[in-house]
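I have placed the structure first, in the form of structure tokens, so that the comments after it can refer back to it.
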Amino acid sequence: MNVKQITERFQLKVAAGANGLEREVNGGYCGDLLSDVMANAPVGCVWLTVQGHQNIVAVAVLREIAAVVLTGGRSPDPDTLEKAEQENLPVLLWGGSAYELAGRLYALGVGTPPPA
Amino acid sequence: MRLKDFKADLHVHTCLSPCADWEMSPRKIIRRSRELRLDLIAVCDHNSAENADAVMREGRRHGVCVLPGLEICSREEVHVLALFGELEPALAMQDLVYAHLPGENRPELFGHQIVATEADEVLAESPRLLIGATGLALDAIVRATHDRNGLSLAAHVDRPANGIIQQLGFIPAGLDLDGVEVSYRLSPAAARTAFPAIGPLPCVTSSDAHGLAEIGRARTVLRMAAPTLGEIGWALRGLHGRMVLT
């Protein structure tokens, strides 16, 4: 599954980084402490967070994150969108809770181990 | 004892902080502070005080009082200022922070971290992840600051990113802060209304300057006998005629 398919499936708004929508998604991560995400987010994951400040872009690039989803109807800062565009990092918006989106992504098989 | 009104900007970054501009060198910071007629500034880089001495020396040469400090990131990712009256306790605090700060910087992602001399020469680049979070809990940082005779202020509490109110939802009752800092975005008076969580804590405002044009964009006027840390402590508590004027 790639970022574009996730965007369409959940009707996520693309706030920045449309050039990165073809990226493959290998898993998911939920986290609002950047130190935690920097240490633990899987490479190529879709990252769900409430943090909209520009440091999320540097963290996403560092961990080779496929896309960032801002949950709970949060808006990213203008600086964030500018930096995300430069990095072709998709920043997507979801109005509901991270819990719901994470659950539904997991149910779709995102980040679950392949069947034996 | 004659009291005077001192214009202070208690939160100024240098080129050591990865998110700060290259131009935030000791000389330029002091020159700009003089232009703005600031009496007192505090140098607070992320998780470090390695440029404090250079700025202090340059400040002494040009009549700007400089206090050494750090902007420490707690394990809860709350930013808290540690202000000191002298270099030695600031460096002792730095030692503690460094002992609990994992990671290496990536300058291409986070920015360069320049350790500078008072003549604006590049001494070194710090390899540490200064933008990272320490493993120190917030109350441990406050206690360690006090143990080293420093003042502990929650940084930019009105700001969502790394502000205590956003990160924790409230200011913990038992946390022995000396005050809170409000960003340039609103006045302390407006902040008290917008953020009742501040409660009775003393409130200062500063620039959090990462570039020369930002220095002094917010400042606190302190009525004190002298620009020392002890006097600032009294001003925050409203003791002996010292006070925070806003």
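Checked against (1) without any contact (Cβ under 8 Å) to a residue 24 or more places away in the chain; (2) within 12 Å of the chain's Cα centre (by Cα); (3) under 22 Å from B:Gln166 (Cβ atoms); (4) within 14 Å of chain B (Cβ to nearest Cβ), A:Asn40 passes all but condition (2). Filtering region B:62-84 to residues that are without any contact (Cβ under 8 Å) to a residue 40 or more places away in the chain and not aliphatic (A, V, I, L, M) leaves B:His62, B:Gly63, B:Pro68. Restricting A:Gly111, A:Gly17 to residues that are modelled with pLDDT under 95, within 27 Å of B:Leu129 (Cβ to Cβ) and under 14 Å from the mean Cα position of the chain (by Cα) narrows the list to A:Gly111. Among the residues of region A:12-37, those identified as in a loop (DSSP other than H, G, I, E, B), in contact (Cβ under 8 Å) with a residue 24 or more places away in the chain and among the aliphatic types (A, V, I, L, M) are A:Leu12, A:Leu21, A:Val25. A:Ile65 passes every criterion in (1) surrounded by fewer than 20 Cβ atoms within 10 Å (Cβ to Cβ); (2) in a loop (DSSP other than H, G, I, E, B); (3) of a type in the set (A, V, I, L, M, F, W, C) apart from (1). Within region B:32-55, being surrounded by fewer than 24 Cβ atoms within 10 Å (Cβ to Cβ), assigned to a helix (DSSP H, G or I) and not acidic (Asp, Glu) holds for B:Arg32, B:Arg34. Name the single residue that is farthest from the chain's Cα centre (by Cα) among those in region B:136-157 being farther than 19 Å from B:Pro18 by Cα, buried (at least 20 other Cβ atoms within 10 Å of the Cβ) and within 14 Å of chain A (Cβ to nearest Cβ). For region B:136-157, the residue satisfying everything is B:Leu136.
Residues in region A:88-103: is at least one within 14 Å of chain B (Cβ to nearest Cβ) and either free of Cβ contacts under 8 Å to residues at least 24 places away in the same chain or under 17 Å from B:Leu109 (Cβ atoms) (or both)? Scanning region A:88-103 turns up at least one residue that is within 14 Å of chain B (Cβ to nearest Cβ) and either free of Cβ contacts under 8 Å to residues at least 24 places away in the same chain or under 17 Å from B:Leu109 (Cβ atoms) (or both).
Checked against (1) at pLDDT 95 or above; (2) over 15 Å from the mean Cα position of the chain (by Cα), B:Trp22 meets all criteria but (1). Would you say B:Ala133 is of a type in the set (Gly, Ala, Ser), closer than 26 Å to A:Gln86 by Cβ, surrounded by fewer than 20 Cβ atoms within 10 Å (Cβ to Cβ) and within 13 Å of chain A (Cβ to nearest Cβ)? Against the criterion (of a type in the set (Gly, Ala, Ser), closer than 26 Å to A:Gln86 by Cβ, surrounded by fewer than 20 Cβ atoms within 10 Å (Cβ to Cβ) and within 13 Å of chain A (Cβ to nearest Cβ)), B:Ala133 does not qualify.
The values are calculated or read from the model by the stated rules, or taken from the named source; none is laboratory data. Bear in mind the structure is a predicted one, so any value in this text is a computation, not a measurement. Heads up, the Cβs are rebuilt from the backbone with ideal geometry, glycines too, and the neighbour counts pull from every protein chain shown.
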